[in-house]
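Here the structure is laid out as structure tokens; the discussion comes afterwards.
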Amino acid sequence: LFRDWVWGEKENSKALSKILQVLPQDFHAKKVVVLGSGAGRLAYDLKNSLSPTTVTLADINPLLLMASQKIIGGQGLQMIEFPYMPNSMECVGLMRDLEAPQVQTEGFEFLLTDVREFDFSTDTPDLIITPWLIDVIGSDLSETCEVIKRMMGANTLWINYGPLGFNSDQIRLCYSTE
């Protein structure tokens, strides 16, 4: 939450820039789906950059999804950040205001779901973004790809953003990047 909405502007800008770099120059999306949307900043930035009609934020974490809904909708949140290594006694617990740069009340859908189980097939998106999803979902890559494939139409683009570390205690789930 803090990275997305308080102190992570540089990282947020970098993520958005990398995604925009790989999109075709003439790309126009009406519907964008962000699977594993987390605290929602990437979805918010994509809405502002691409101006789609709808951006769907889908995540399994109710705290992150409800927080993103409040923040994007203009209600904001106040939370205490407990830094891992505070510099002083004054920095042990920092009250933070989590707010979106601009209030957005239109064009967002918030979907609390386990993307491995949900059937998205009724509404084909133009763009699917999976930020770090492959690295954290805990499913075999082939299963994750099948879920995404079921969501895709003939002209849907899919962009994965994340390190592809394939960290798992099950050796069969540890792929190489290649």
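For the chain, a simple Cβ point-charge model (Lys and Arg +1, Asp and Glu -1, everything else neutral) yields a dipole of about 260 debye relative to the Cα centre. For the chain, the longest principal axis of the alpha carbon atoms and the long axis of helix 41-50 meet at an angle near 60°. Counting protein heavy atoms only, the chain has 52 percent of its accessible area on carbon and sulfur, 1.4 angstrom probe.
Counted over all Cα-Cα pairs of the chain, pairs farther apart than 20 Å make up 56 percent. Taking Cα atoms, how many degrees apart are the long axis of helix 141-151 and the longest axis of the chain, rounded to 10 and kept between 0 and 90? Taking Cα atoms only, the helix is inclined about 80 degrees.
For helix 9-22, what angle does its Cα long axis make with the longest principal axis of the chain, in degrees from 0 to 90 and rounded to 10? Orientation of helix 9-22: about 10 degrees from the principal axis. Just checking the listed ones, Met89, Met151, Met79: in the Gaussian network model of the chain with Cα springs under 10 Å, the one fluctuating most is Met89.
Rounded to the nearest 500, what is the 222 nm mean residue ellipticity of the chain from helices alone, with -39500 (n - 2.57) per DSSP H run of 4+ residues and division by all residues?
Roughly -8000 deg cm²/dmol at 222 nm, from the helical runs in the chain.
Let me know the charge dipole size of the range 69-173 about its Cα centre in debye, to the nearest 20, where only the beta-carbon of Lys, Arg (+1) and Asp, Glu (-1) is charged. Kindly include the intermediate steps, with their values, before the conclusion.
Values: 6 positive and 16 negative charges, 30 e Å.
Charge dipole of the range 69-173: 140 debye, to the nearest 20.
Heavy atoms of the protein chains alone define the surface here; on that basis the chain has 59 Å² accessible area per residue at 1.4 Å probe size. When the chain is treated as a GNM, springs tying every alpha-carbon pair under 10 Å, which of Phe82, Phe110, Phe27 comes out with the largest mean-square fluctuation? Result: Phe82 has the largest fluctuation of those listed.
Please give the charge dipole size of the range 104-156, origin at the Cα centre, charges +1 on K and R Cβ atoms and -1 on D and E Cβ atoms. Round to the nearest 20 debye. Here the range 104-156 has a charge dipole of around 120 debye. Reported to the nearest whole Å, the Cα centre-to-centre distance from the range 139-178 to the range 55-119 is 25.
Using a simple spin-label model with points 7 Å from Cα along the Cα→Cβ vector, what separation in nm is obtained for Tyr84 and Arg116? Going from the Tyr84 label point to the Arg116 one covers 2.6 nm.
The values are calculated or read from the model by the stated rules, or taken from the named source; none is laboratory data. Just so it is clear, the structure is predicted and the values come from calculations on it, not from any experiment. Using ideal geometry, Cβ is built from the backbone for each residue, glycine included, and neighbour counts are taken over all protein chains shown. Surface areas here come from the heavy atoms of the whole protein model, side chains and all, with no ligands, DNA or RNA. Shrake-Rupley method; radii C 1.70, N 1.55, O 1.52, S 1.80 Å.
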